[in-house]
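The values are calculated or read from the model by the stated rules, or taken from the named source; none is laboratory data. None of these values were measured; they are calculated from a predicted model. Cβ coordinates were reconstructed from backbone atoms using ideal geometry, including for glycine residues, and neighbour counts include every protein chain displayed.
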Amino acid sequence: MTQQRILILGAGELGMSVLRNLARRAGSSALSISVLLRPSTIQSIDAFKQREIDELRALGIEPIPGDLAADSVDTLAALFKRFDTVVSCTGFVGGKGVQLKIARAALNAGVPRFFPWQFGVDYDVIGRGSAQDLFDEQLDVRDLLRAQSRTDWVIVSTGMFTSFLFEPSFGVVEFESGIVRALGGWDNAVTVTTAEDIGALTAEILLAEPCISRRVVHVAGETIGYGQLADKLDAFTGRTFERVEWTVPQLKRELALDPDNGLKKYRVVFAEGKGVAWDEKQTFNAQRGIAVENVGQWMRRSLSVSETTLAG
């Protein structure tokens, strides 16, 4: 069996999940797994980072030094060249232009297969000119990949990370305060998937037979309406959450007053409700019968109902 050489870009929440799931399959699937990390991360004396590096090495994963933001396209292409598959798990932290740089490096290297960082909403449906300007670059990446035939590619659309739906700064759920807000209306829906499930499903998609090629693959932990979310919160805590609707015009006004605020950009996109939710029955995990964690299960695993919470 020919060994497949896989390079994961980044070891954040999603990157680590993909790495762990691939490592579990390495023996039976003849995989050689590496991860691209900043040299400063590999050499760090920080205890947390060292534990992470130790875990990677214990899993048989080789850390490769590289800097996606600072290195040139040619430098990255030289790094990518010896791999069969490159999977970008970097997120938007590198800033504008980095996703396009990574895609160009993968194509210039002649990487046989590339998974770009597109783990989120359906950018094709949202289209250009949305409130979140970073999304236009995601469409530039798709155009670049679709315009060539040398490198195979797969895009995994996951919806929002489940944990982000409950992130206090995002504003949808203020758990301790007992407030839930609907972006655009109570019938609006959002698809969410946990980072753990995205990692497991990405590994399944990468190794699937017959090979998945040149397409967008949708996955979902759950597609949930904001009204359903409020009902679940009520049932989970045994109290009635205050329900507040944030309309699209209201959110657009708030963004106009603070145009560089990334969270306010996201709120407008999700409130408009286009390309942010899809039918669970049509997803890769549903069609393959792969169990995933829904919102209720995530709440039971991740949220603590304290006496203070119940007191409201």
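Testing TRP153 on (1) closer than 20 Å to VAL276 by Cα; (2) buried (at least 17 other Cβ atoms within 10 Å of the Cβ); (3) touching a residue at least 40 places away in the same chain (Cβ under 8 Å), one condition comes back false. Which one is that?
With respect to (1) closer than 20 Å to VAL276 by Cα; (2) buried (at least 17 other Cβ atoms within 10 Å of the Cβ); (3) touching a residue at least 40 places away in the same chain (Cβ under 8 Å), TRP153 is out only on (1).
Are there any pairs, at least 6 apart or on different chains, whose C-beta atoms fall under 8 Å, with the first in the range 188-214 and surrounded by fewer than 19 Cβ atoms within 10 Å (Cβ to Cβ) and the second modelled with pLDDT under 95, and if so, which?
Within 8 Å, the pairs are LEU207/ARG25; LEU207/SER29.
What number of residues in the range 146-200 are under 25 Å from ARG20 (Cα atoms), in a loop (DSSP other than H, G, I, E, B) and acidic (Asp, Glu)?
1
Name the pairs: first residue in the range 60-74 and of a type outside the set (A, V, I, L, M), second residue surrounded by 12 or more Cβ atoms within 10 Å (Cβ to Cβ) and assigned to a loop (DSSP other than H, G, I, E, B), Cβ to Cβ under 6 Å, at least 6 apart or on different chains?
Close Cβ pairs (under 6 Å, with a partner that is surrounded by 12 or more Cβ atoms within 10 Å (Cβ to Cβ) and assigned to a loop (DSSP other than H, G, I, E, B)) amount to ASP67/ARG38.
Restricting attention to the range 65-81, report how many residues are surrounded by fewer than 18 Cβ atoms within 10 Å (Cβ to Cβ) and either part of a helix (DSSP H, G or I) or of a type outside the set (Asp, Glu) (or both).
Number satisfying all stated conditions: 9.
Considering only the range 20-28, I want to know if a residue exists there that is out of contact with any strand residue (DSSP E or B) (no Cβ under 6 Å at 6 or more places or on another chain), modelled with pLDDT of 90 or more and surrounded by fewer than 17 Cβ atoms within 10 Å (Cβ to Cβ).
Yes, the conditions are met somewhere in the range 20-28.
Which one of these is farther than 25 Å from ARG142 by Cα and touching a residue at least 12 places away in the same chain (Cβ under 8 Å): ARG267, ARG253, ARG300? Can you show your working first?
On the way: ARG267 fails: farther than 25 Å from ARG142 by Cα; ARG253 fails: touching a residue at least 12 places away in the same chain (Cβ under 8 Å).
Of the residues listed, the single one that is farther than 25 Å from ARG142 by Cα and touching a residue at least 12 places away in the same chain (Cβ under 8 Å) is ARG300.
For the range 168-226, how many residues meet the condition of being more than 16 Å from the chain's Cα centre (by Cα) and more than 30 Å from GLU245 (Cα to Cα)?
Residues flagged as more than 16 Å from the chain's Cα centre (by Cα) and more than 30 Å from GLU245 (Cα to Cα) within the range 168-226 amount to 9.
From the set of residues in the range 120-136 that are in contact with a strand residue (DSSP E or B) (Cβ under 8 Å, 6 or more places away or on another chain) and of a type in the set (Asp, Glu), which is farthest from VAL276 (Cα to Cα)?
Per the stated criteria, the residue is ASP124.
Mind listing whichever residues of the range 92-119 are at pLDDT 95 or above, out of contact with any strand residue (DSSP E or B) (no Cβ under 7 Å at 6 or more places or on another chain) and not in a helix (DSSP H, G or I)?
GLY110 - this is the single residue of the range 92-119 that is at pLDDT 95 or above, out of contact with any strand residue (DSSP E or B) (no Cβ under 7 Å at 6 or more places or on another chain) and not in a helix (DSSP H, G or I).
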